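Taking it in order: structure first as structure tokens, then the write-up.
We did not get these values from a lab; they are worked out from the coordinates using the rules stated. The model shown is predicted, which means the values in this text are computed figures rather than measured ones. Backbone-built Cβ (ideal geometry, glycine too); neighbour counts: all protein chains shown.
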Amino acid sequence: MKYVMRFKQFSIRHDRVAMKVGMDGVLLGAWTSVDDVSTILDVGTGSGVIALMLAQRTNASVHIDAVEVSDDALQAAENFNASPWKHRLRIYHTSVQALEPDKLYDLLVTNPPFYVDALRPPDPGRERARHDRLLGHEDILEAANRLLSQRGRLSIILPLAESRQFETLAARHGFYCSKVCEVQSKPAKPPIRRLMEFARTPYPPQRSSLCLLDNNSQPSTEYRSLVADFYLNF
């Protein structure tokens with residue numbers, strides 16, 4: 001089916017969501033560290049792909065909540081219910097600003113809107129999903145301050161320029177980059193994305209890089225290794 005994305009252990013229907021499953025979400029879901037977490041919050045879950053990837057990567061004791069302000073939440077709920085982990089996935093159809101959960105989280109993960117200074121996309125759904133208006137960087141950091149445990153971590157993917165702005169802003173909110181991976185499309189190309197983890201304790205960040213394609217324009221060995229548990233053809 002055209003709007004069904006099949007992974008090794010689950011499927012995503014995304015015909016009724018503004019932003020379809022894409023590279024950024026899959027990278028974040030595969031890269032984010034799930035060590036020592038028992039509660040996870042996926043902010044702006046869209047189709048639910050990141051939450052489902054994290055469910056696949058964690059054991060049965062880990063509970064995962066997702067929040068989505070748009071009606072995309074309805075299809076995310078369907079995707080959750082069709083998965084093997086439906087009993088430990090829960091969705092809130094509200095904004096993260098209005099979210100009042102009954103617990104603090106060990107991990108907050110988000111693939112947020114970007115193109116902060118770009119022209120608005122013509123489609124209202126894509127505008128809501130991609131333009132930095134309903135879920136800005138301040139909103140994410142305020143949510144992290146309010147919803148994360150003291151040792152909780154924030155994991156995010158952003159384009160290079162926006163990532164630097166976010167890193168500066170995060171420090172003002174008491175969050176410091178503890179881990180960063182610069183993503184290149186091909187060798188010798190400049191980074192197109194940064195995967196970043198933030199914590200409240202300032203430590204020198206662990207730095208790494210990821211090249212998506214090799215010199216023959218084929219998926220690189222390191223990229224294949226990262227997403228091998230998810231993509232059917234890897």
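The C-beta contact set for segment 164-178 (first residue within 14 Å of residue 201 (Cβ to Cβ), second residue among the charged types (D, E, K, R) and in a strand (DSSP E or B), distance under 8 angstrom, 6+ apart or interchain) comprises 177/197; 178/153; 178/197. For the structure I just gave you, tell me whether residue 51 is crowded, with 18+ Cβ neighbours inside 10 Å, out of contact with any Asp or Glu (no Cβ under 6 Å at 6 or more places or on another chain), in a helix (DSSP H, G or I) and not hydroxyl-bearing (Ser, Thr, Tyr). No; evaluated as a whole, the condition is false for this residue. Of all residues in segment 213-234, those satisfying the criterion of being surrounded by 14 or more Cβ atoms within 10 Å (Cβ to Cβ), in a loop (DSSP other than H, G, I, E, B) and touching a residue at least 60 places away in the same chain (Cβ under 8 Å) are 229, 230.
Which residue is surrounded by the fewest Cβ atoms within 10 Å (Cβ to Cβ), if the candidates are limited to segment 4-48 and must be touching a helix residue (DSSP H, G or I) at 6+ places or on another chain (Cβ under 7 Å) and basic (Lys, Arg)? It comes out as 16. On inspection, residue 83 passes the criterion of being part of a loop (DSSP other than H, G, I, E, B), of a type outside the set (Lys, Arg), in contact with a helix residue (DSSP H, G or I) (Cβ under 7 Å, 6 or more places away or on another chain) and over 27 Å from residue 159 (Cβ atoms).
Restricting to segment 157-193, what's the tally of residues that are under 18 Å from residue 43 (Cα atoms) and part of a strand (DSSP E or B)? Number satisfying all stated conditions: 2. Taken over segment 146-175, the residue count meeting the criterion of being more than 19 Å from the chain's Cα centre (by Cα) and polar (S, T, N, Q) is 2.
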